[in-house]
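Right, one structure below, let's go through it.
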Amino acid sequence: MMAYSEDHIALAAEYALGTLDAEERAQVETMMSVDKDFTAMVGAWEHKLGVLNQMVGSVEPRPEVWDKIRTATGLAEPQAPLVLPDAPQPPVAPEVSEPAAVVDPSNVIRLSTEARRWRNIATLTTAIAAALVAMIAVAVYQPDLLPEGIRPKPRTQVVEVKTPSAPTPSAQYVAVLQKEGGSPAFILTVEGATKNFWVRRVGASAEPGKSFELWLISDKLQRPRSLGVIGNGDFTARPVLASYDTDTINTATYAVTIEQAGGSPDGKPTSAPAFTGKLIETVPPAAPAPSPAP
Amino acid sequence: MLTPAELVWLIAAVAKGDEAAFERLYAATRAKLFGVVLRILRRQDLAEEVIQEAYVKIWNSAGRFNPGLSSPITWMTSIARNRAIDVVRKRSELSIEEEPAAMEVAADSPDPLARREMTEELKRLLECVGRLEPDRQKLVLLAYYNGWSREQLAAKFETPVNTVKTWLRRSMMDIRECLGL
């Protein structure tokens, strides 16, 4: 690959990051059409950054989308039902996953480096989850904090969260529920004023015949209290926290257990928590710019 | 769920015009791609348009996919995400206000691609992002995940656009050095 100036490298990187304006993006695309090496550099950045999408939750598009794709690609003509050919065995390729950390008692330094590394990553994944959810929460509750241009019209609910209509801006509390050192599995957001909460599933799927159930665990209470079964959708919203006082809510541990389909039959968890977390982040209660409540 | 190797095989079949392979490829990847573009566009209708265009492009350019340079899912996601970014940049003066029911999403997500353990590549990248100052970590993540423009980031960080420009550039250069690119 030929040597590129730092300006070129930065342009390729920012194209992949997505922060160039429309004109700059058009410039990059023109350069890519005439310069194979530059295209490869952009591709390398896209590949490096692309792994971040592993953290993004999946959302099913509506079935109509496929019909439109078929029409647009000229595949929509009436035809015999598709018969899947016998798939040749795909070449045996190594899975991208990594073997667990090397277990070698003599290699203490390496192990502790690995542990530190994991701690750093765990911290950062929490930051990612918090950044993502803060953004969603801002969009729902404090649209005025959003930059001009993506600000929703008042009363437009921008996220698929069932909250009471037109909530007034208030404090936000967020808990990231995860396994020790694992990536976030659920993000719990509590709206301070109403104590409504919603749970966003980000990295967990229940086995068939099982349900995830959310619990509140507090030293003020004698046993874990069920906050309900987490639905199959990306979001589950519930008002049941309203019966707990703010202090209990703020200091509690939130835990998710795996229960039989529909949840624990007797209101007690039947297994150890699979994911836990505490409320960690607060969106300050008042918007900096005063504005009429939606 | 399909492994990367199976996706590579499907893309190769799509390149030869295999419609059944295209349908399987779509089924295996649509929820991930849609999740990524919906986060950026924040409107169901726009996200659906972008997804349609992306799969048409995937159908037409499957022969140009090079498994030596990229993973199949990254290649496909990049096509969709680039299209989404183009759309938001061109519409930047418009707000989403004309949309009646923004983000009324039927949100069921059975896609196990998202649930795989973190790959070594993701761990490496996160390590490098983690070495940036906290504000810049957030800057890079908000830019990537939400597709925010420099102007939007400047508003969010209450900082002049030129400063954001400098931060972004330095952050990317730091990440580059850290990754050894």
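The values are calculated or read from the model by the stated rules, or taken from the named source; none is laboratory data. Since the model is a prediction, treat every value here as computed from it, not as a measurement. We place every Cβ from the backbone using ideal geometry, glycine too, and count neighbours over all the protein chains shown.
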Original post:
Do any residues in segment A:54-69 that are more than 7 Å from chain B (Cβ to nearest Cβ) have Cβ atoms under 8 Å from those of residues that are buried (at least 20 other Cβ atoms within 10 Å of the Cβ) and of a type in the set (Val, Ile, Thr), where the two are at least six apart or on different chains, and which pairs are they?
Top reply: A:55/A:125; A:55/A:128; A:55/A:202
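It is to be established whether one or more residues within segment B:153-160 are aliphatic (A, V, I, L, M) and in contact with a Cys (Cβ under 7 Å, 6 or more places away or on another chain). Working first, answer last.
The initial filter retains those residues of segment B:153-160 that are aliphatic (A, V, I, L, M), namely B:153-155.
In the following step, the residues that additionally are in contact with a Cys (Cβ under 7 Å, 6 or more places away or on another chain) were identified as none.
So far as segment B:153-160 goes, no, none of its residues is aliphatic (A, V, I, L, M) and in contact with a Cys (Cβ under 7 Å, 6 or more places away or on another chain).
Out of segment A:223-267, which residues are assigned to a helix (DSSP H, G or I), surrounded by fewer than 18 Cβ atoms within 10 Å (Cβ to Cβ) and in contact with a strand residue (DSSP E or B) (Cβ under 7 Å, 6 or more places away or on another chain)?
Just the residues of segment A:223-267 that are assigned to a helix (DSSP H, G or I), to begin with: A:240-243, A:246-251.
So of that shortlist, the ones also surrounded by fewer than 18 Cβ atoms within 10 Å (Cβ to Cβ) come out as A:240, A:242-243, A:246-248, A:250-251.
Within segment A:223-267, A:240, A:250 meet the criteria.
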Original post:
Which residues, taken from segment A:1-42, are surrounded by fewer than 19 Cβ atoms within 10 Å (Cβ to Cβ) and either in contact with a His (Cβ under 9 Å, 6 or more places away or on another chain) or assigned to a loop (DSSP other than H, G, I, E, B) (or both)?
Top reply: A:1, A:2, A:3, A:4, A:5, A:21, A:31, A:35
Original post:
Of the conditions (1) outside any loop (DSSP other than H, G, I, E, B); (2) modelled with pLDDT of 70 or more, residue A:220 fails just one. Which one is it?
Top reply: (1)
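Could you please give the count of residues in segment A:2-43 that are in contact (Cβ under 8 Å) with a residue 24 or more places away in the chain and within 11 Å of chain B (Cβ to nearest Cβ)?
As a first pass, look at segment A:2-43 and keep what is in contact (Cβ under 8 Å) with a residue 24 or more places away in the chain: A:2, A:4, A:8-9, A:12-13, A:15-17, A:37-38, A:40-42.
Remaining after also requiring within 11 Å of chain B (Cβ to nearest Cβ): A:9, A:12-13, A:15-17, A:40-42.
Residues meeting the conditions: 9.
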Original post:
Among B:25, B:38, B:46, B:69, which is the only one that is under 24 Å from residue A:71 (Cβ atoms) and at the interface with chain A (Cβ under 7 Å from one of its Cβ atoms)?
Top reply: B:38
Original post:
In this structure, is residue B:80 over 24 Å from residue A:57 (Cβ atoms), crowded, with 21+ Cβ neighbours inside 10 Å and touching a residue at least 24 places away in the same chain (Cβ under 8 Å)?
Top reply: no
